[in-house]
Each structure stands twice: as structure tokens, then as C-alpha cells.
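Only one structure is covered here, and it is reproduced in the block below.
The values are calculated or read from the model by the stated rules, or taken from the named source; none is laboratory data. All figures in this text were calculated on a predicted structure; none of them were measured in a lab. In this analysis, Cβ positions are derived from the backbone assuming ideal geometry, glycine residues included, and neighbour counts consider all displayed protein chains.
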Amino acid sequence: MCNKTRENRLLCLRRLLDDLSANGHPLQYGLIRREDFPPHPRYLPRPLSPQDDQLLQQELRRTGDLPANALLLTRATGIRIGECLDLALDCLRQVGENQWALHVPIGKLHSERLVPADADVRQMVAGILALRAQAPPAYLDNSESLLLPRCRRSRLAQDLRGALAEAGQRAGCSCHVTPHRLRHSFATEMLRLGVSLPALMQLLGHHDIRMTLRYVQLTQVDLQREFHLARQHASQPHHLPVMAVPTAATADPPGIHQALAAARHLLEIYRRQIVDEKTRRRLQRLDHRLLAAASQLDRIITAEK
């Protein structure tokens, strides 16, 4: 039994014991304790290793039939297997100049989205359309508006899972390959390529960032790369401004204003270093005099104009 089933049965048993005790049966208290319940399952990302992922994609490209192209499309876009089955015949949409997206219909979380489609994705869709034309007429009649022809939806899903498992065995993958592992592999690859978590959440069609975190796997190599990259960017984390004090060659009203502002700035820095409150008040009065001098200068300039 899985942990969830064990938890449910322990809850029912504890409720039964509580009812028996409430009806007068001599039962010891606390026969089922909190520590008797199994821990909640912790969902871990299950992407394929880079070696298995590469071998599997090479095998699917070598096979080149309709299920292989559909599975490659699933891997390249990160869509669910059910969403792939429901793709429309016109799923490719042009969203801008030289920008295409794959329209994913309403699926598991009752949301639809547009997944960016590069040249490889468009080529996969074109390959599926070419293979679709060779399907039996009965399959095409049963799926006129769908990208993947089928006699029954459940049968096609079963065929895709079987084709993926066989391709994984032929490629020599070190683990059992399922369609959802392709989705985990897509998410992990996108994160390693620099896609942010909010953007990845939109690509996967999630409503909660915590669900997205279940799909991505960070290895020690990824942590080392991100850490050293951040350290390179932080070689000069703080840039202190340099205040230019005008020389005699810039003795004009703007230059005098800049000199007064520089003097007030340095005076304030010095004032904050003083502990004696009396001296701090005297420096503050001096700052007010400099401010008054700047105001007087403004009046002189206005009168001259």
C-alpha cells in the first residue's frame, strides 16, 4: 500500500476505536498515535539523465513514424500526453514576425496556453501532418480536426506509451521512460538554459510555482555554475558616486550651486559620524546657513535677469 492508503486506513481504524471507547468498551487510550502515520509523500523531479535524454531523442528521430514524432513534440514543448492527443489540426499559430507558438487546448488544469515553437517544433508538426495523410480513412474520419489521427483516444495514448517504452529500451536508457518524464526533462532543461521560474510555470501550464518546483532538478553541477556566475557579476557590487567639485574655471552660478551641494553632502556625512549631540546640532545649523546661501544666490540670479 502507498502511504496515502495507509494513512486513510489508520484514520478509519482510529475513528472506529474512538467510537468503541465512547460506547463503553474498555479500550486503552492512544492505541494509534501520531507517529504511527506514515510521512506525506515528497514528490521529487524525475527527469531523464542528459545521456538517456539524448539517446532517446536520437532513437525517436531514427524511428520517424507518427508516434515517434508525437513523442518528440511532447519532449520539445513540455506538454502533457493528453494535451498532445488533443492538439488541433491548426495548432501552430503565428504570434508575430518570425514568431510562432503551439496552441495547447484546455487540459488538466482547465487552462489553455501558447508555447513558443522554434524551427524544430514546426518541423515536427509538419512531419506529423505528412504522416497523418497516410493514415487509414477510418482514422481520419474519426479525427477530422485533430492533429493526431486515432480510432479511439485511449488506444492512441496506450500506443504512445508503448512506443516510448520500446524506444527507451532500444536506446539503452538506464531507467523506464514514461511520457511524464519527458515533461520533467523539458522543465529541467529550460531551467538550465536560463528560463526563469515564472516563465517556466507559464510554459508548463501551472497555477502554482510550488508545482513547478516539483518538475525541475538542480544538481551540484548546476549549483556550481550558478554560484560562480553570480560571483563574477559581483566582482564590483557597489559603485560609490564621485562628486565633482568645480574649479575656478567653472566659477559660474551652476558651478557655485554644485559646490554648495557638495559641501552640504560632505558636511552631512561628517555629521553622522559625530557622537556628541551638541556638535551635531552646530553642524546642522551650519548646513542651514549653506542652504540659505544657495537661496540668496538664486535671488541674485533672478534679480540680474
>> Checking S145 against (1) touching a helix residue (DSSP H, G or I) at 6+ places or on another chain (Cβ under 6 Å); (2) under 16 Å from V104 (Cβ atoms): exactly one of these is not met. Which one?
In response: (1)
> Only one residue in A133, A157, A171 is in contact (Cβ under 8 Å) with a residue 24 or more places away in the chain, among the aliphatic types (A, V, I, L, M) and surrounded by fewer than 18 Cβ atoms within 10 Å (Cβ to Cβ), so which one is that?
Replying inline: A157
>> Testing A165 on (1) touching a helix residue (DSSP H, G or I) at 6+ places or on another chain (Cβ under 7 Å); (2) surrounded by fewer than 16 Cβ atoms within 10 Å (Cβ to Cβ); (3) not β-branched (V, I, T), one condition comes back false. Which one is that?
In response: (1)
>> I'd like to verify a number: residues in the range 150-180 that are at negative phi and touching an Asp or Glu at 6+ places or on another chain (Cβ under 9 Å), how many?
In response: 11
> Just checking, how many residues over the range 203-229 are over 17 Å from L182 (Cβ atoms) and crowded, with 16+ Cβ neighbours inside 10 Å?
Replying inline: 1
> Can you tell me which residue in the range 230-269 is modelled with the lowest pLDDT, limited to those that are exposed (fewer than 10 other Cβ atoms within 10 Å of the Cβ) and hydroxyl-bearing (S, T, Y)?
Replying inline: T247
> Residues of the range 26-48 being surrounded by fewer than 10 Cβ atoms within 10 Å (Cβ to Cβ) and either modelled with pLDDT of 90 or more or outside any loop (DSSP other than H, G, I, E, B) (or both), which ones?
Replying inline: R34, E35
> For the range 107-144, which residues satisfy the criterion of being at pLDDT 90 or above and closer than 20 Å to G82 by Cβ?
Replying inline: R113, L114, V115, A117, V121, M124, V125, I128, R132
> Using beta carbons and a limit of 9 Å, which pairs, at least six apart or on different chains, have the first residue in the range 1-17 and exposed (fewer than 12 other Cβ atoms within 10 Å of the Cβ) and the second one part of a helix (DSSP H, G or I)?
Replying inline: M1/R9
